[in-house]
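Visitor: Questions regarding the structure given below will be posed in turn.
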Amino acid sequence: MATPDFIRAIRASAGHQLLWLPGVSAVVFDDRGRVLLGQRADNLKWAVLSGIPEPGEQPAACAVREVYEESAVRCVAERVVMVKSGEPVTFGNGDICQFMDITFRCRAIGGEARVNDDESLDVGWFEVDALPKMDDHQLIRIKQALSDEPTWFAPTSFD
């Protein structure tokens, strides 16, 4: 994922320390029920498309923007399917981030899937029963987007 300019500015004074950041993920389906995935350039893994909202950008607008920037597919966000805090991630340059991810179910409305920036090595449509190898947290997002269940979030406890 390309680092937005506002995070570069923060990193200039914060160094590599842990940054708590917003993130959005888009589980995009076409009219045939296939899901749009991208093979990330940074770790070579297949994943749903995701990104970091710019300051003041609405999460759904960010999801739509990221999908287009990464894949040239136009989509609309239909609903929030998951809100989840991820584990800290250490990038190759030593930067540490932890993301509060909002996952949207999206519907494709146009465009032809192709690599549209330098964040992906490949993009494409996949049948949900023939997905490439992916991490469990990617599969959980897709499963939740396919369900008619309420938005998933970790339950609270009053210990």
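The values are calculated or read from the model by the stated rules, or taken from the named source; none is laboratory data. Treat the numbers as computed from the prediction; the structure is a model and nothing was measured. Note that we place each Cβ from the backbone using ideal geometry, even for glycine, and neighbour counts take in every protein chain shown. Only protein heavy atoms, including side chains, enter the accessible area calculation; ligands, DNA and RNA are left aside. Shrake-Rupley method; radii C 1.70, N 1.55, O 1.52, S 1.80 Å.
Visitor: Could you report the range 86-159's accessible area per residue, 1.4 Å probe, as an integer in Å²?
Guide: In whole numbers, the range 86-159 has 68 Å² accessible per residue.
Visitor: If a cysteine in the chain has no other Cys Cβ under 4.7 Å from its own Cβ, put it on the list, ordered by number.
Guide: CYS62, CYS97 - these cysteines have no disulfide-compatible partner (Cβ-Cβ under 4.7 Å) in the chain.
Visitor: On the accessible surface of the range 77-159, probed at 1.4 Å, how many percent belong to carbon and sulfur atoms?
Guide: Looking at the range 77-159 in its full context, I get 54 percent from C and S.
Visitor: How much length would be gained if the chain were fully extended between TRP20 and THR3, taking 0.36 nm per residue of separation minus their Cα-Cα distance, in nm to one decimal?
Guide: Roughly 4.7 nm would be gained on extension.
Visitor: Between GLU87 and ASP30, take the C-beta separation as r, use R0 = 30 Å, and let me know the FRET efficiency to the nearest 0.05.
Guide: It comes to 0.45.
Visitor: If you average the sequence gap of Cα pairs under 8 Å that are 6 or more apart and divide by the length of the chain, what percent do you get for the contact order?
Guide: 29 percent
Visitor: Continuing with this model, one more query. If I model a spin label as a point 7 Å beyond the Cα along the Cα-Cβ vector, how far apart are those points for PHE126 and GLN98 in nm?
Guide: 2.8 nm
Visitor: Leaving out ligands, DNA and RNA, what percent of the accessible area of the range 5-52 is carbon and sulfur, probe 1.4 Å?
Guide: It is 53 percent, rounded to a whole number.
Visitor: Three principal axis extents, largest first, for the C-alpha atoms of the range 8-96, in Å?
Guide: 46, 30, 23
Visitor: Which Cα, out of SER13, VAL64, VAL123, lies furthest along the positive dipole direction of the chain (beta carbon charges, K/R +1, D/E -1)?
Guide: About the Cα centre, the residue reaching furthest to the positive side is VAL64.
Visitor: Next question, about the same structure. Taking a label point 7 Å from the Cα of ASP42 along the Cα→Cβ vector, which residues of the range 111-128 have an amide N closer than 18 Å to it?
Guide: Within reach of a label on ASP42: 116-123.
Visitor: Kirkwood-based Rg over Rh for the chain (C-alpha set), two decimals?
Guide: Radius of gyration relative to Kirkwood radius: 0.96.
Visitor: For a quick check: with amide H placed at 1.01 Å from N, whose amide H comes under 5 Å from VAL81's, ignoring anything fewer than 5 positions away on the same chain?
Guide: THR103, PHE104, ARG105
Visitor: Set the Förster distance to 22 Å, then compute FRET efficiency between ARG11 and ARG65 from the Cβ-Cβ distance, nearest 0.05.
Guide: 0.50
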